[in-house]
Structures are given as structure tokens and as C-alpha cells.
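Heads up, the thing below is written out as C-alpha cells.
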Ligand code: ASP
Ligand code: MG
């Protein structure tokens, strides 16, 4: 694809547009970049707290409903922030146009509340950019080919931004947020966490899927596929943050580059269930149809039959519970373990270094902490643990793998 190197997609997260004053700050910053010769294109999230407020109202009404009305409700937050941003730029004499997904042509599938982008029409955006108008695209939303509004899943504005960058042939996408960089662990959990100058797509994908909220998983997936560098940086400071790059461009590959966690994991324990793969296939197909990400799966044989355990993200519990209950005969076959967390160590350097699992479990032993489920890949090890043990395990693993600042 032809690259449009002067187009820079700039995504501003909820806190960056969290008040009128902050919106004015974004306008100043974008205006300055335009003066330096960039062709900026903005993607914005809803003002901070807004999407949560909308979700809360929906859940009060009906925690099980996910469909067109839910997505229409959730998508409304971004309409507010992009309009205000456009006004802030226009006030400064900068031409800008706020655009909702249907106006841009951000086409998605029809999985409401977790839709995937199918295509983006770049014509309109390119013509705005080349005529000096700054397009301000609503993040997080899309439109089906039947003209219904969809949303991309919580945190999905990052994905809008990277997908737009890919559609325009841009080389990089800036993600402005309230943290200055990607850290080696969440600093609220591990005070000794340090900033990373760069990290590979692969590691970032693991981080995102293992619970780090810094970037939406699919944004990194798209960036890796189309080779778009992501620059994650603070919207309040001018300095550089973290570059997310192809592995070949990384300066060094530490064995472990980060300790990541997902504080809200739920383990579903089913016992006994019918032996064989028929049951597994039916259950997981139905969960997949609802876009529920099943994380760790284990199965074993007990004296009363097959045992099946799997973990999911807490927000998928209501839907998962409905589906699982349809597949078992009696409620006593299902045990739901709430208050679990998942902790992981990630690093591309692990591929060439044995002994990481040994060091990982030595920490558990030293901390006398229980492991409920475990899974590994060539660049990560994850364990589901009791939420109460999360902080001390995170700190101990961070130290063990030489990440402490
Ligand atoms: N406003 C949406 C959310 O809070 C999308 C985003 O912020 O990326 O999930
Ligand atoms: Mg976000």
C-alpha cells in the first residue's frame, strides 16, 4: 500500500478529553503539530467516565441485554467529545470536521458490543486531510451494512485509530493517554515499575490480551499486520513515551519485559460433564458466537466423569453463565470462582532462555501462594491466582526478573 507519511493519526483517550479545558489543550497541541507540517487526523474517545456511566444505566435496566440499543447508547459518548473538539479547533481558526462512523464508512460485523471492523472507506478522510481540514473521527463505533450502530468493545477507540491509520496508509499512530508510557508493570500495583522505551508488537499483544488496559488488543493486532508503529505518549507532557515496533527494530530483548495482570478473572468449574470432545465443541462454539474470550482451559478425568475448568474475563460472566447453564443438566455441576486474578510474565527473550517457568514457580513457593490454572506460550507464562495475593506476587515477580527501577 502507498504510505502517506505526513498523515499522523492522533488518538486522544478519555482523560485527555475529560473536560472543556483539556479539550482546548488537545486543540492547541494538534494546531501546533499542523503548523509544523503534519497532516493530523484525530480519533477521540468519550470524555472520561462517560462510557462507564452509560454502561451502569444499561445494567441497571437489564444486565443481560446486548444488542443494537446497547451499542447506540454506548456510542453516544464519542459524539460529544468529537463535537467539542471540532469547536475548539474552529475557535482557533483551524478547519476541522467531526465525523461519526457512518459518515466515515467504518463498516463492522453485527456482533453488538464487540464488533470487528470489516472495512474503512478512506476517500473522504484523505480528501479532508489533503485540503487542510482536520477530520475528527469518533472512536469505538462502527456501522453494520444494515446501518445499525455498533461498538468495538471497551477501550476500542485505540482500534479505530490504528485501523484508520492502516486504511490511510499512515506509518504511525500516536496514542495520547494519561500515562506517559507503557510500564514494566502497572505502577499502581508495583511502585517500582519502570517505563519502557520500546516493546515489540508481539509482547504488547500479550500484554493487552493478558489484562493490561494500556491498549486495546485488536489495535496492536492491526498495527502488527499493517506494520504501523504505535507511539504511546502522554497528552499532558511533550516528551516521547513508548514505541511499539516490530521485533527486529527492538534494541534489546530482555528475557522478561513485563509483569502483567488482569485483576478481574472468573474461573468456571464444571463437573461432571459428558466425556469426549462433543460437549467441549458445542459449549465453546456457543461462547465464541457471543465473542466471549475463553482464556485458560483445562480438562481432566474425575471419578464421576470429566472435569472442565476455564477462565473468562469478569465482564463476560453474565453471558457466560447463561450459556453454560444451558449446557449442564443441573446447577450443582457448575461452580463459579469469583475474586480471581491472572498474573503473567511476558518477554520475547524467553524463546531462547530456559528456566523461566522454574523461576516463576519458585516465587509462588516462596510466597506460599496457590495457583488455580496455568498456561504458557513461547513468550509468556500466566497463572490464575487469588486476588488477595496479586500485589505481593506481582512485586516479587517484578523483582525476580530484574525489572525493578
Ligand atoms: N469510550 C470507550 C470506552 O470507554 C472507548 C474507549 O475509550 O476507547 O470503552
Ligand atoms: Mg483506552
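Regarding residue 210, is this residue at negative phi, within 16 Å of ligand 2 (Cβ to nearest atom), in contact (Cβ under 8 Å) with a residue 24 or more places away in the chain and within 18 Å of the chain's Cα centre (by Cα)? For residue 210, the condition - at negative phi, within 16 Å of ligand 2 (Cβ to nearest atom), in contact (Cβ under 8 Å) with a residue 24 or more places away in the chain and within 18 Å of the chain's Cα centre (by Cα) - is met.
Within the stretch 83-97, does at least one residue satisfy the condition of being more than 21 Å from the chain's Cα centre (by Cα), under 22 Å from residue 15 (Cβ atoms) and not in a helix (DSSP H, G or I)? Within the stretch 83-97 (the criterion being more than 21 Å from the chain's Cα centre (by Cα), under 22 Å from residue 15 (Cβ atoms) and not in a helix (DSSP H, G or I)), the answer is yes, since at least one residue qualifies.
Could you please let me know if residue 188 is within 16 Å of ligand 2 (Cβ to nearest atom) and farther than 25 Å from residue 224 by Cβ? Yes: the conditions hold for residue 188.
So which residues in the stretch 133-151 are touching a residue at least 60 places away in the same chain (Cβ under 8 Å) and assigned to a strand (DSSP E or B), if there are any at all? Talk me through it step by step, then tell me what you get.
Filtering the stretch 133-151 for residues touching a residue at least 60 places away in the same chain (Cβ under 8 Å) gives 134-141, 148-151.
Listed by number, the residues that qualify are 134, 135, 136, 137, 138, 141, 149, 150, 151.
In a residue-by-residue description of the stretch 50-68, the property of being surrounded by 18 or more Cβ atoms within 10 Å (Cβ to Cβ), assigned to a strand (DSSP E or B) and within 16 Å of ligand 2 (Cβ to nearest atom) applies to no position. In the stretch 152-175, the qualifying residues are those that are assigned to a strand (DSSP E or B) and away from ligand 2 (no atom under 13 Å from the Cβ), and the one that is surrounded by the most Cβ atoms within 10 Å (Cβ to Cβ) is 173. Take the conditions touching a residue at least 12 places away in the same chain (Cβ under 8 Å), in a loop (DSSP other than H, G, I, E, B) and within 24 Å of residue 199 (Cα to Cα) and apply them to residue 295. Does it pass? Spelling it out, it is not the case that residue 295 is touching a residue at least 12 places away in the same chain (Cβ under 8 Å), in a loop (DSSP other than H, G, I, E, B) and within 24 Å of residue 199 (Cα to Cα).
If you go through the stretch 280-313 and keep only what is at pLDDT 90 or above, buried (at least 16 other Cβ atoms within 10 Å of the Cβ), under 21 Å from residue 115 (Cα atoms) and within 21 Å of the chain's Cα centre (by Cα), you end up with 287, 292, 294, 312, 313. Does residue 158 fit the bill of being within 16 Å of ligand 1 (Cβ to nearest atom), within 23 Å of residue 52 (Cβ to Cβ) and at pLDDT below 95? Taking the combined requirement at face value, the residue does not satisfy it. In the stretch 32-43, the qualifying residues are those that are in contact with a strand residue (DSSP E or B) (Cβ under 9 Å, 6 or more places away or on another chain) and assigned to a helix (DSSP H, G or I), and the one that is farthest from residue 176 (Cα to Cα) is 34.
Please indicate, with yes or no, whether at least one residue in the stretch 331-342 is part of a loop (DSSP other than H, G, I, E, B) and without any contact (Cβ under 8 Å) to a residue 24 or more places away in the chain.
Checked against the condition, which is being part of a loop (DSSP other than H, G, I, E, B) and without any contact (Cβ under 8 Å) to a residue 24 or more places away in the chain, the stretch 331-342 yields no hits at all.
Entry remark, the stretch 215-262: residues being in contact with a helix residue (DSSP H, G or I) (Cβ under 7 Å, 6 or more places away or on another chain) and within 16 Å of ligand 2 (Cβ to nearest atom) number 13 in total. Applying the set (1) in a loop (DSSP other than H, G, I, E, B); (2) within 16 Å of ligand 2 (Cβ to nearest atom); (3) out of contact with any strand residue (DSSP E or B) (no Cβ under 9 Å at 6 or more places or on another chain) to residue 205 leaves exactly one unmet item: (1).
Only residues that are away from ligand 1 (no atom under 16 Å from the Cβ) and surrounded by 22 or more Cβ atoms within 10 Å (Cβ to Cβ): list them for the stretch 9-34, please. Of everything in the stretch 9-34, those that are away from ligand 1 (no atom under 16 Å from the Cβ) and surrounded by 22 or more Cβ atoms within 10 Å (Cβ to Cβ) turn out to be 27, 30.
Note on the stretch 138-148: among residues that are surrounded by 24 or more Cβ atoms within 10 Å (Cβ to Cβ) and more than 15 Å from residue 230 (Cβ to Cβ), the one that is farthest from ligand 1 (Cβ to nearest atom) is 142. Among the residues here, residue 182 qualifies as within 27 Å of residue 314 (Cβ to Cβ), within 16 Å of ligand 2 (Cβ to nearest atom), touching a residue at least 60 places away in the same chain (Cβ under 8 Å) and touching a strand residue (DSSP E or B) at 6+ places or on another chain (Cβ under 6 Å). Among the residues of the stretch 177-187, are any part of a loop (DSSP other than H, G, I, E, B), touching a helix residue (DSSP H, G or I) at 6+ places or on another chain (Cβ under 7 Å), away from ligand 1 (no atom under 16 Å from the Cβ) and farther than 20 Å from residue 348 by Cβ? Taking every residue of the stretch 177-187 in turn, none turns out to be part of a loop (DSSP other than H, G, I, E, B), touching a helix residue (DSSP H, G or I) at 6+ places or on another chain (Cβ under 7 Å), away from ligand 1 (no atom under 16 Å from the Cβ) and farther than 20 Å from residue 348 by Cβ.
The values are calculated or read from the model by the stated rules, or taken from the named source; none is laboratory data. Just so we're clear, the structure is a prediction, and the values are computed from it rather than from any experiment. FYI the Cβ positions are ideal-geometry reconstructions off the backbone, even for glycines, and counts take in every protein chain you see.
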